[in-house]
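Peer 1: Dropping the structure in here first, questions after.
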Amino acid sequence: MSALETPALIVGAGPVGLFQVFQLGLLGIPCHVVDALPHAGGQCAELYPGKPIYDIPGVPATTGRGLVESLVEQIKPFTTAGTAQLHWGQLVSTVARQDDGRFRVGTDTGLVFTTQTLIIAAGAGAFVPRKLRVDGLEALEGKQVFYPDSDDIVAYAEQRGIRLGGQNILIQGDDDRALGWALDLTRHLATAHADAATLRPASVTLLHRRDAFSAVPALVARIQQCRDDGRLRFIAGQITRADTDCAEVNSAGRLHAVQLAKQDGTEESLPVDVVLASLGVSPKLGPIADWGLDLLRKQIPVDTEKFQTLEPGIFAIGDINTYPGKKKLIVCGFHECVLAAFGVAEIVFPGKPQLLQYTTTSTRLHALLGVTH
Ligand SMILES: Cc1cc2nc3c(=O)[nH]c(=O)nc-3n(C[C@H](O)[C@H](O)[C@H](O)COP(=O)(O)OP(=O)(O)OC[C@H]3O[C@@H](n4cnc5c(N)ncnc54)[C@H](O)[C@@H]3O)c2cc1C
């Protein structure tokens, strides 16, 4: 695949990566942004979407979700114009400097960028799905074990050619997503007409370690209804073993059952063809540790003039960086974006002084933002 050329590439679309897009945009610098998540917002979106935030300047109260929506709205002039392009569900995995001084950056899905500058806004690392820790299941990931990043399980399965019809499906999880899948698939279970046969599972079982759920009460109530009328089986327990038709542990035979240790102290062998798990996400520093940036306790050291790392052209902003007095707060990350943008401009427009302009009065900035007065 040919590389996408860009002056600036941002790793991470948390609140700080998003505001970096805006600050680069004001300086007329196009960029690409890559995030491992399927959506914007980093910690705000994943860890506390509904919780309040009170320390964003000029915003007396918002929520994690509300802040992300505002930041996404704020960068719309650039995303709409195509000068900022966002790529979801991809882990930036490799970074190498080319002979011409630019960086060649690759993602785990095969996207390649050539960029003059790299801005790491990676927070505590890439948010990746938590996985089931059961011998034998790891080797089945992508074949019979899935960690879907979508609420629409039918579309997800169709896109990946996962057969649901006629299968014994085990859903593990207790959040909105897991319960939503269970409801969707249970609905297909009940559909009688022939067209629906391809979607009609043989059975749907919901598994969680206890009979209490983190999903919203409305979903829990609907699940309870399905349990009461016998359409959905719920088991409180955990998978202890995967039974495949291959005797060797961790080699990919075909999964036909899982052994369960149930909360009531009993055990059960449950026939299973497809496992769909929604166990939340956790941040993993992962590949960033291999980019030669002299990490200090998993943080990237930067200067406080431009928030540049020891590697010229690579900047680090937000929770991922460290410097004397560093505070892991969104407002501090926003400040870092401004100075990093000017640092990037020095590389992208060498020898061209960057004058500070006010969004209030600058007609050039008004044009960039698409606003008229
Ligand atoms: C419960 C809670 C409450 C909080 N409340 C407040 C508060 O009230 N006020 C406040 O100021 N701060 C608060 N914080 C802290 C705040 O959320 C963080 O400071 C902020 O999210 C940091 O933003 P960031 O953009 O640097 O990183 P993150 O939000 O962590 O985003 C980083 C993004 O980078 C992506 N990423 C990382 N590595 C890669 C890779 N290799 N490839 C692709 N993508 C990658 C991740 O998937 C992630 O989406 C709170 C935090 C928590 C957990």
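Peer 1: Taking every DSSP beta bridge that has both residues in the stretch 90-239, what percent is antiparallel when rounded to the nearest 5?
Peer 2: Antiparallel bridges: around 45 percent, rounded to the nearest 5.
Peer 1: In degrees between 0 and 90, to the nearest 10, how far off the longest principal axis of the chain does helix 15-26 point, with axes built from Cα atoms?
Peer 2: 40 degrees
Peer 1: On to the next question. Which whole-number percent gives the relative contact order of the stretch 1-88, counting Cα pairs below 8 Å spaced six or more residues apart?
Peer 2: Averaging sequence separation for qualifying contacts and normalising by length gives 34 percent for the stretch 1-88.
Peer 1: For the pairs Lys51/Lys306; Lys131/Lys306; Lys76/Lys352, flag any whose C-alpha to C-alpha distance is greater than 30 Å.
Peer 2: Too far apart for the 30 Å limit: Lys51/Lys306; Lys131/Lys306.
Peer 1: Continuing with the same structure: Just going by the charge dipole of the stretch 231-368, with Lys and Arg at +1 and Asp and Glu at -1 on Cβ, which of His335, Pro312, Pro287 is farthest out on the positive end?
Peer 2: His335
Peer 1: So, one more: Please work out the FRET efficiency for the pair Leu355 and Thr63, using the Cβ-Cβ distance as r and a Förster radius of 41 Å; give the result to the nearest 0.05.
Peer 2: Once the sixth-power term is evaluated, E becomes 0.65.
Peer 1: Also: Which number do you get for Rg(Cα) / (2.2 N^0.38 Å) in the stretch 300-373?
Peer 2: Rg over 2.2 N^0.38 Å, computed on Cα atoms: 1.28.
Peer 1: Can I ask one more? Computing the accessible area with a 1.4 Å probe over protein heavy atoms, can you report the carbon and sulfur percentage for the stretch 1-110?
Peer 2: 55 percent
Peer 1: Oh, and also: Using the Cα centre of the stretch 236-317 as origin and beta-carbon charges of +1 (Lys, Arg) and -1 (Asp, Glu), tell me which of Gly265, Val302, Thr240 is placed farthest towards the positive end of the dipole.
Peer 2: The listed residue farthest towards the positive side: Val302.
Peer 1: Per-residue ellipticity at 222 nm for the chain, helices alone: DSSP H runs ≥ 4 residues times -39500 (n - 2.57), over residue total, nearest 500 deg cm²/dmol?
Peer 2: Taken over the chain, the calculation gives -7500 deg cm²/dmol.
Peer 1: Still on this structure, please answer the following. Counting only protein chains, not ligands or nucleic acids, how are Trp291, Trp88 ordered by accessible area (probe 1.4 Å), most first?
Peer 2: Trp88, Trp291
Peer 1: Shifting gears a bit: Highest mean first, how do 308-316, 12-20, 207-215 rank when packing is the count of other Cβ atoms within 10 Å averaged over residues?
Peer 2: 12-20, 308-316, 207-215
Peer 1: Sticking with this structure for a sec: Could you please report the charge total around Gly166, scoring K, R as +1 and D, E as -1 over all other residues with beta-carbon less than 13 angstrom from its beta-carbon?
Peer 2: Result for the local shell: +1.
Peer 1: Considering the chain as a Gaussian network with a 10 Å cut-off on Cα pairs, which listed residue, Leu260, Leu296, Leu183, attains the greatest mean-square fluctuation?
Peer 2: Leu296
Peer 1: When the dipole is taken about the Cα centre of the stretch 94-202, and only Lys, Arg (+1) and Asp, Glu (-1) are charged at their Cβ, what size is it in debye, to the nearest 20?
Peer 2: 220 debye
Peer 1: So what is the accessible area of the chain per residue, in Å², with the probe set to 1.4 Å?
Peer 2: Value returned for the chain: 49 Å² of accessible area per residue.
Peer 1: Over the stretch 12-115, how many percent of alpha carbon pairs lie in each 5 Å bin up to the one with the longest distance?
Peer 2: 3, 12, 19, 20, 19, 14, 7, 4, 1, 0
Peer 1: Compute for the stretch 119-235: radius of gyration divided by Kirkwood radius, i.e. Rg/Rh, restricted to C-alpha atoms, rounded to two decimals.
Peer 2: On the Cα set of the stretch 119-235, Rg over Rh gives 1.00.
Peer 1: Let me ask something additional. State the antiparallel share, in %, of DSSP beta bridges confined to the stretch 1-139, rounding to the nearest 5.
Peer 2: Antiparallel bridges: around 45 percent, rounded to the nearest 5.
Peer 1: Rounded, prolate or oblate: which fits the stretch 223-292 when a ≥ b ≥ c are the square roots of the eigenvalues of the alpha-carbon gyration tensor, with rounded for a/c under 1.5 and prolate only if a/b beats b/c?
Peer 2: oblate
Peer 1: Once Rh is set to the Kirkwood radius over Cα pairs, what Stokes-Einstein translational diffusion coefficient, in µm²/s, holds for the stretch 205-333 at a temperature of 37 °C and a viscosity of 0.692 mPa s?
Peer 2: 169 µm²/s
Peer 1: Another question about this same structure. Based on DSSP, what percent of beta bridges with both residues in the chain are antiparallel, to the nearest 5?
Peer 2: Roughly 45 percent of the DSSP beta bridges within the chain come out antiparallel.
Peer 1: So, one more: Can you give me the relative contact order of the chain as a percent, contacts being Cα pairs under 8 Å and 6 or more apart?
Peer 2: Here the relative contact order equals 19 percent.
Peer 1: Given axes a ≥ b ≥ c from the Cα gyration tensor, I'd like to know whether the chain is rounded (a/c under 1.5), prolate (a/b larger than b/c) or oblate.
Peer 2: prolate
Peer 1: Using the charge dipole of the stretch 104-168 (Lys, Arg: +1 at Cβ; Asp, Glu: -1 at Cβ; taken about the Cα centre), state which of Leu132, Val105, Ala157 has its Cα farthest towards the positive end.
Peer 2: Projecting each Cα onto the dipole axis, the largest value belongs to Val105.
Peer 1: Using +1 on the beta carbon of Lys and Arg, -1 on that of Asp and Glu, and nothing else charged, what's the dipole of the chain about the Cα centre, debye to 20?
Peer 2: 420 debye
Peer 1: Charges only on Cβ, +1 for Lys and Arg, -1 for Asp and Glu: so what's the dipole of the stretch 219-373 about the Cα centre, in debye to the nearest 20?
Peer 2: 580 debye
The values are calculated or read from the model by the stated rules, or taken from the named source; none is laboratory data. Nothing here was measured: the structure is a model prediction, and the numbers come from that model. Cβ: placed from backbone, ideal geometry, glycine included. Neighbour counts: every protein chain shown. Keep in mind that these areas ignore ligands, DNA and RNA; they rest on the heavy atoms of the full protein, side chains included. Shrake-Rupley method; radii C 1.70, N 1.55, O 1.52, S 1.80 Å.
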